[in-house]
Amino acid sequence: MKLSRKRMILTVFIFAAVFTLLTSIGIAADTNKITKEELKKIMSEDTVLILDVRTGRDWSSSEFKIKGADRVNPKEFNTWSNRYPKDNTLVLYCA
Amino acid sequence: MGKQVIKQKANIDSLLVFVFAIGIMISSDTLVLLGNFFGKTGNAGFFLIILSAVIYLALLSQYKQLFIFFPVLSSDIEILKSVFGTLPALFPFFVKMIAIVFLSTGLLVSSGFVFNEVFIYWFPNFGFAFIMLGLLLSLQFLPNKAVLYLQIGFAGIPILGFLILIIAGIIQTDQLAHFKPWDMDTSINSMGFNTYFLPLLFFIGFDLGFTICNKSDQKYPGKYNVLFATVIFMCILFVLWGYVSLKYVPAEKLINTSIPHMIAAKNILGDPGRFIMGVIVISGSLAAVHALFTIISKQSSLLLKIARLPENIKVAKILIIFLALIIAGMMAGGMAGEEELETFIRASLILWLISYAMMSLSHMIIRINLFLKNQK
């Protein structure tokens, strides 16, 4: 009885971990992304702007902050969206 | 043979007290505060940290005397119940519940980022945070001894990592030193009122070591010596880490960065330094959250005893699962991306300081009552 309860807990844990992993990969997969190699090629262009939209720990815990990126709050989109020319390419750097 | 066994048991108890007491002190949140603090204060920071350690040693003396007044009691909850009544006695417990929810969310998410950026870049950071949470929850279902002994690894690894970085930082002489002790002219007036009190947050959590060994003084009189030594050890560690941080990172950078510990580690030992600090951050998070889960589990059983309800281990486990679900919900709901999380974490630490103040107040009340009784 004791062994089957432990096995059940282990099974639940493994299932939960795999489910979470697949979900987070799946959610990320739906977004249009640009690879760092692709970004490196275009980031020096005048029409390309990098916006760091990470907030809270998503930003503070990260070691990687792109030099020259504008840090903007995604919740205040209406405030900053008109700041940038419409024909520019905006690359959003998120968590 | 009997004496040897008793001595061995005492040594293990002492080690457990130490590793649980330092659980929160070695977390990445403390490292961030420490780095920013030393950037702001320079050599004045060494003095403020030592002063803070002295305050905690005085607090520990009060704890020790309280348990002399109540020799059969073995927990802060029981002491507070004797002095203030049942409801105020629950305050330290609820503070820990609040802390575990917010602090764990922050620490686990930070660890996820570190794992992704330092070790395996393609592994989703939140996936790692959830795996850590699931692991920590599962560990609570292991036998009691395993739960306790795991903390030795979780806390021991960061300590070892720190010692490696500190020794490397001190003995390397070919690095351009940004800071020479005693050269920095830091005006205390420019520091800001809050800065003076920041070091009080660095030693929070010592009572987790106190609680883990809930034997009364009669059965384990040595635990205070261990806790005194723990505070002194961590004070020395913080001072040395502050010294090497200032030696390798300009003060302005330490103030303005959100990852002072990572920058210092990288500047000390390059990429190996980053890896070591990555291990420190992840293991430190495991130590902090595991300590909190274990103590809450233990104290919930104690609360049942105080309420004269039959002890039921299932209640503790259900509570832990419930807390883990809240943490999972907060991570999934994007709480880590909210600026308010830092406010809640800081608030929970301040409430924790208030719970220490309650114990200090208990000590004063009892001393005054004894004095008045003697006068009669």
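The values are calculated or read from the model by the stated rules, or taken from the named source; none is laboratory data. Bear in mind the structure is a predicted one, so any value in this text is a computation, not a measurement. Positions of Cβ are backbone-derived with ideal geometry, glycine not excepted, and every protein chain shown enters the neighbour counts. Keep in mind that these areas ignore ligands, DNA and RNA; they rest on the heavy atoms of the full protein, side chains included. Shrake-Rupley method; radii C 1.70, N 1.55, O 1.52, S 1.80 Å.
Residues that are free of Cβ contacts under 8 Å to residues at least 40 places away in the same chain and over 27 Å from B:Ala53 (Cα atoms) number at least 3 in the following helices (runs of 4 or more DSSP H) confined to the stretch B:217-327: B:260-306.
Scanning the stretch B:215-228 for residues that are out of contact with any helix residue (DSSP H, G or I) (no Cβ under 7 Å at 6 or more places or on another chain) and either modelled with pLDDT of 95 or more or open to solvent by 20 Å² or more (accessible area, probe 1.4 Å) (or both) returns B:Lys215, B:Gln218, B:Lys219, B:Pro221, B:Asn225. Being more than 14 Å from chain A (Cβ to nearest Cβ) and surrounded by 12 or more Cβ atoms within 10 Å (Cβ to Cβ) is true of B:Met358. Out of B:Phe141, B:Phe123, B:Phe94, one residue alone is among the aromatic types (Phe, Trp, Tyr), under 30 Å from B:Asn11 (Cβ atoms) and at pLDDT below 95. It is B:Phe141. Here the stretch A:65-80 is the region considered, the condition is being of a type outside the set (Lys, Arg) and farther than 13 Å from A:Cys94 by Cα, and the residue that is least open to solvent (accessible area, probe 1.4 Å) is A:Trp80.
Yes/no matrix, rows are residues, columns are (1) open to solvent by less than 30 Å² (accessible area, probe 1.4 Å); (2) modelled with pLDDT under 90; (3) out of contact with any helix residue (DSSP H, G or I) (no Cβ under 8 Å at 6 or more places or on another chain):
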position	(1), (2), (3)
B:Tyr196	no, yes, no
B:Leu200	no, no, no
B:Asp207	yes, no, no
B:Thr211	yes, yes, no
B:Thr230	yes, no, no
B:Met234	yes, no, no
B:Phe238	yes, no, no
B:Leu246	yes, no, no
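For the stretch B:292-344, the set of residues classified as open to solvent by less than 10 Å² (accessible area, probe 1.4 Å) and aliphatic (A, V, I, L, M) consists of B:Leu292, B:Ile295, B:Ile296, B:Ala316, B:Ile320, B:Leu323, B:Ala324, B:Ile327, B:Met331, B:Ala336, B:Leu341, listed by residue number. Could you please let me know if B:Met359 is within 26 Å of B:Ala53 (Cβ to Cβ) and without any contact (Cβ under 8 Å) to a residue 24 or more places away in the chain? Considered against the rule, which asks whether it is within 26 Å of B:Ala53 (Cβ to Cβ) and without any contact (Cβ under 8 Å) to a residue 24 or more places away in the chain, B:Met359 comes out as no.
In this structure, B:Gly45 does not qualify as open to solvent by less than 10 Å² (accessible area, probe 1.4 Å), within 14 Å of chain A (Cβ to nearest Cβ) and assigned to a helix (DSSP H, G or I). Could you list, in sequence order, all residues of the stretch B:112-127 that are touching a Gly at 6+ places or on another chain (Cβ under 7 Å) and at the interface with chain A (Cβ under 9 Å from one of its Cβ atoms)? Of everything in the stretch B:112-127, those that are touching a Gly at 6+ places or on another chain (Cβ under 7 Å) and at the interface with chain A (Cβ under 9 Å from one of its Cβ atoms) turn out to be B:Val114, B:Val118, B:Asn125, B:Phe126.
Tell me yes or no: at least one residue of the stretch B:61-72 is surrounded by fewer than 23 Cβ atoms within 10 Å (Cβ to Cβ), assigned to a helix (DSSP H, G or I) and small (Gly, Ala, Ser). Yes, that holds for at least one residue. From the list B:Ala324, B:Ala347, the lone residue that is away from chain A (no Cβ under 12 Å) and of a type outside the set (Asp, Glu) is B:Ala347.
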